[in-house]
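In what follows, a single structure is set out as structure tokens and then discussed.
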Amino acid sequence: MEPMYYIGLDVHKQKISYCVKEGGGKVFAEGWIPATRFDLDRWRKTLPQPWSAALEATMFSGWIYDQLKPHAAELKVAHPLMLRAIAAAKKKNDRIDANKICDCLRCDFLPESYMAPTAIRERRRTLRYRNLLVRQMVQMKIKISTLLMEAGVSYNKSKLHKAGYFRELLATNPDINESLRSLLRQCRAAKQNGNCSDPFPAARSIASGTC
């Protein structure tokens with residue numbers, strides 16, 4: 001049976017620090033690479049076989065996990081808070097962090113964090129973005145009502161956000177001056193940009209529980 005090599009990865013936005021160790025703890029290689037798919041793939045091809053790796057859970061971990069997973073004997077994601085509690089150190093830099101993660105993996109002390117399958121993470125990302133758009137549209141509706149109330153403008157609440165009524169209100173209400181009219185049009189345009197069509201029908205189905 002071939003000896004296993006253990007790799008600790010400290011992941012950041014622009015670079016990935018790594019530490020590769022043998023089972024006995026001897027450092028085989030360490031350094032850093034740019035955090036790009038090309039550089040990660042090129043570095044991966046230089047690794048001794050077989051190898052297992054661990055990286056801390058961050059917003060950058062997903063694509064790195066997906067790219068390395070098919071080639072690793074085992075790939076784990078560490079829970080950030082629990083990892084700090086286990087591997088706390090006075091001296092701290094990227095190289096030391098990669099070394100600590102490697103040792104935790106090698107000694108089976110790594111506090112694992114669940115990494116959802118790629119398809120689930122993609123759905124979550126879509127739902128988060130759709131929820132952002134919905135929140136922004138609601139904020140614009142509230143802002144339109146607020147602007148009208150601040151200026152003492154009477155309006156029909158049930159019809160306010162209908163296009164025909166809104167245009168008529170701006171054109172005929174004498175209490176709406178040009179400054180307020182401009183702000184209302186901007187709010188309406190911002191709301192329409194997010195509401196003109198639903199770019200995420202699959203996300204809507206997921207959110208409603210129909211798929």
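Any read-out appearing in this document is the output of simple, stated calculations on the displayed coordinates, not a laboratory observation. Since the model is a prediction, treat every value here as computed from it, not as a measurement. Cβ atoms come from the backbone with ideal geometry, glycine included; neighbour counts cover every protein chain shown.
Simple spin-label model, 7 Å along Cα-to-Cβ: Tyr114 to Ser182 in nm?
Once both label points are built, they end up 5.2 nm from each other.
I'd like the distance separating the alpha-carbon centroids of the range 141-182 and the range 41-76, in whole Å.
Using only Cα atoms to place each centre, the spacing works out to 56 Å.
Work out the length of the dipole vector of the chain about its Cα centre, built from +1 on the beta-carbon of each Lys and Arg and -1 on the beta-carbon of each Asp and Glu, and round it to the nearest 20 debye.
740 debye
Quick one: among Lys13, Lys159, Lys143, which has the greatest mean-square fluctuation in a GNM of the chain with alpha-carbon springs under 10 angstrom?
Lys159
May I ask you to compute the full-extension gain from Gln14 to Arg121, defined as 0.36 nm times their residue separation minus their alpha-carbon distance, rounded to one decimal in nm?
Working: separation 107, 0.36 × 107 = 38.52 nm, distance 2.20 nm.
Extending this stretch completely gives an extra 36.3 nm.
Would you mind putting 174-184, 66-76 in packing order, based on average other-beta-carbon counts within 10 Å, highest first?
Most protected by this proxy first, the peptides run 66-76, 174-184.
Return a whole-number percent for the relative contact order of the range 5-106, with Cα pairs under 8 Å and 6 or more residues apart as the contact set.
RCO, the range 5-106: 37 percent.
Taking the Cα atoms only, what angle lies between the long axis of helix 118-150 and the longest principal axis of the chain, rounded to 10 degrees?
30 degrees
Given the rule -39500 (n - 2.57) for each run of at least 4 DSSP H residues, summed and divided by the residues of the chain, what is its mean residue ellipticity at 222 nm, to the nearest 500 deg cm²/dmol? Intermediate values should be presented prior to the final figure.
Numbers: 8 runs with 105 residues, N = 211.
Result for the chain, helices only: -16000 deg cm²/dmol.
My understanding is that a pair violates if its Cα-Cα distance is over 27 Å; which of Lys15/Lys191; Lys21/Lys76; Lys15/Lys100; Lys13/Lys141; Lys26/Lys92 do that in this structure?
Details: Lys15/Lys191 38 Å; Lys21/Lys76 16 Å; Lys15/Lys100 17 Å; Lys13/Lys141 36 Å; Lys26/Lys92 20 Å.
From the list (Lys15/Lys191; Lys21/Lys76; Lys15/Lys100; Lys13/Lys141; Lys26/Lys92), the Cα-Cα distance tops 27 Å for Lys15/Lys191; Lys13/Lys141.
Could you identify which residue out of Met149, Met137, Met115 has the top mean-square fluctuation in a GNM of the chain using Cα springs shorter than 10 Å?
Of Met149, Met137, Met115, the Gaussian network model singles out Met149 as fluctuating most.
Using amide H atoms built in the peptide plane, which far-off residues or other-chain residues are under 5 Å from Ala57 H to H?
Amide H to amide H, under 5 Å and 5 or more residues apart or across chains, Ala57 pairs with Ala78.
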